[in-house]
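These notes are about the structure you will find just below.
The values are calculated or read from the model by the stated rules, or taken from the named source; none is laboratory data. Keep in mind the model is a prediction, meaning the values are calculated, not measured. Heads up, the Cβs are rebuilt from the backbone with ideal geometry, glycines too, and the neighbour counts pull from every protein chain shown.
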Amino acid sequence: MTAFIQSRELRKKRWIASTSILVLELRQLTRNANCTDQFLITSINSLSS
């Protein structure tokens, strides 16, 4: 493999890794937001009843 191809492959692997990490973080944030939303909805419902 030439240095150019190795460099391109390395950049591709880094991009995939960083994108995967971002996706995992977004999933975690979404999960946390859903839990927070559910907590708020439950709290509001208990106050109004």
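Would you mind stating whether ILE5 is modelled with pLDDT under 90, over 24 Å from the mean Cα position of the chain (by Cα) and loosely packed, with under 10 Cβ neighbours inside 10 Å? Spelling it out, ILE5 is indeed modelled with pLDDT under 90, over 24 Å from the mean Cα position of the chain (by Cα) and loosely packed, with under 10 Cβ neighbours inside 10 Å. Looking across region 19-49, the residues that are hydroxyl-bearing (Ser, Thr, Tyr) and loosely packed, with under 10 Cβ neighbours inside 10 Å come down to SER46, SER48, SER49.
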